[in-house]
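Coordinate-derived values only; no laboratory data. Predicted model, so just to flag it, every value in this text is computed and none were measured. Every residue, glycine as well, gets a Cβ built from its backbone with ideal geometry; the counts of neighbours run over all protein chains shown.
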Amino acid sequence: MQTEIALTDTEQNTRESVNRAVSLLRSGEVVALPTETVYGLGADAFNAAAVARIFEAKERPRFDPLIVHLPNKTMLHDVGEVPSDIAKTVTQLVETFWPGPLTILLPKKAAVPDIVTAGLPTVAVRQCQHPIFHRILKHFGGPVAAPSANRFGALSPTSASLVLDQLDGRIPLIVDGGACARGLESTIVRVRAATPKPVIEVLRPGPITEDDLKPFGKVTFAKRNDEVEDSAPEAPGMLATHYAPRTPLRLLENPSDFSADPEKRYALLSYRGQEKDGFLDLHPWAGVVVLSPGSGRVAEAGIRLFHLLGQLDKGGYDEIIAEPVPDRGIGRAILDKLRKASVKG
């Protein structure tokens with residue numbers, strides 16, 4: 001199979017790319033599409049055979065569920081059930097954060113094939129903010145299942161070229177919508193009825209943070225399954241090992257944890273590139289990249305994370321050493337990705 005890249009740099013090219021993508025989706029094919037978070041690999045969510053092609057292209061295990069992207073808010077009720085005891089909170093979240101990088105886990109409707117949800121009774125749904133993705137879904141007219149457009153477990157792609165690096169020859173089309181604005185996968189939440197306030201459980205940290213969610217309920221975080229290797233997850237992106245570059249990566253909590261092998265070439269993924277953090281002068285690094293130069297801003301670090309990891313992954317290093325970032329806001333999502341990418345032991 002030859003993988004085509006469809007451009008959106010002019011209005012004419014955009015129209016042609018949208019029409020090509022919609023035609024492929026309607027014929028049961030898979031298409032890589034830009035979102036505001038990372039590139040997604042989409043297929044008709046109501047077509048089980050089409051969704052199976054996602055798993056085949058990614059080599060993704062069937063027990064790992066997918067996110068369903070909606071063309072509009074109204075279609076939420078065609079895909080998921082909204083229990084009456086949480087309806088008010090779900091509506092508030094949808095009206096506040098959609099379109100945007102918030103995914104909500106709900107009981108699924110029978111119309112959603114079991115392959116989409118890995119046989120679970122729940123479905124993860126969101127409405128994407130990216131204008132190209134939104135335009136394609138509007139013309140397609142139905143929901144699209146779309147996990148990240150990468151090989152399973154590898155780095156999530158934030159550009160069309162990074163999709164091509166991993167899926168060339170495996171899919172027919174990549175719609176090039178430019179670099180992703182957010183750079184981290186969506187926040188996934190589950191709402192539970194409780195008093196005096198509903199509970200919003202964060203299953204996967206992402207761009208929508210604890211502070212963003214607090215006005216709508218009590219925010220809790222699902223237990224990290226670092227010790228539950230390859231167990232069936234409740235929602236997408238919850239496996240203990242994920243988002244990993246080909247080069248071994250190690251997240252260091254403290255500079256004193258580092259011990260160098262003189263035969264190895266090490267690269268440093270620095271948070272803000274400051275000597276006072278104790279990592280920059282720790283070793284004569286063969287390469288250094290900085291997530292947020294200067295004072296350090298976790299939002300900027302999130303946008304640059306997968307891009308810079310991909311850059312280091314092509315550098316021929318023996319190991320990537322990652323500095324920690326602040327465990328707050330989007331920093332929590334960055335740490336989640338680094339922990340899942342980090343070598344164990």
>> Rounded to whole Å, give me the distance from the Cα center of the range 129-160 to that of the range 291-345.
In response: 23 Å
> Which is farthest toward the positive dipole end of the chain among Ser17, Val325, Ala244, measuring Cα position about the Cα centre, with Cβ charges +1 (Lys, Arg) and -1 (Asp, Glu)?
Replying inline: Ser17
> How big, on average over all directions, is the shadow cast by the Cα convex hull of the range 249-341, in nm²?
Replying inline: 5.4 nm²
> Among the GluC sites (Glu not before Pro) within the range 37-133, which fall in a DSSP loop and have no more than 12 other Cβ atoms within 10 Å of their own Cβ?
Replying inline: Glu59
> Using the alpha-carbon atoms, what tilt in degrees (0 to 90, nearest 10) does helix 298-313 show relative to the longest principal axis of the chain?
Replying inline: 70 degrees
> Which of the pairs Lys108/Lys218; Lys314/Lys337; Lys108/Lys314 have their Cα atoms more than 29 Å apart in this structure?
Replying inline: Lys108/Lys314
> Which value at 222 nm does the chain reach when only helices count, each DSSP H run of 4 or more adding -39,500 (n - 2.57), with the total divided by all residues and rounded to the nearest 500 deg cm²/dmol?
Replying inline: -8000 deg cm²/dmol
>> What's the ranking of 243-252, 184-193 by average number of surrounding C-beta atoms within 10 Å, highest first?
In response: 184-193, 243-252
> Which whole-number value in Å³ per residue fits the convex hull of the alpha carbons of the chain?
Replying inline: 136 Å³
> Using a simple charge model, +1 on the beta-carbon of Lys and Arg, -1 on the beta-carbon of Asp and Glu, nothing else, what dipole does the chain show about its Cα centre, in debye to the nearest 20?
Replying inline: 780 debye
>> With a cut-off of 8 Å between alpha carbons and a minimum separation of six or more residues, what is the relative contact order of the chain in percent?
In response: 19 percent
> Contour minus end-to-end for Glu59 and Arg328, with contour as 0.36 nm per residue of separation and end-to-end as the Cα-Cα distance?
Replying inline: 93.6 nm
>> Defining a contact as two alpha carbons under 8 Å apart and six or more residues distant in sequence, what relative contact order in percent does the range 4-175 show?
In response: 36 percent
> How long is the gain from Glu300 to Glu253 if the chain were fully straight, where each residue apart is worth 0.36 nm and the alpha carbon distance is subtracted?
Replying inline: 14.9 nm
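One quarter of the convex hull surface, Cα atoms only: what value does that give for the range 4-175 in nm²?
The directionally averaged projection comes out at 9.1 nm².
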>> Placing unit charges on C-beta atoms (Lys and Arg positive, Asp and Glu negative, everything else neutral), compute the dipole magnitude of the range 249-341 about its Cα centre in debye, rounded to 20.
In response: 420 debye
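Within the range 20-89, which chymotrypsin sites (Phe, Trp or Tyr not before Pro) sit in a loop by DSSP and count at most 14 neighbouring Cβ atoms inside 10 Å?
Phe63
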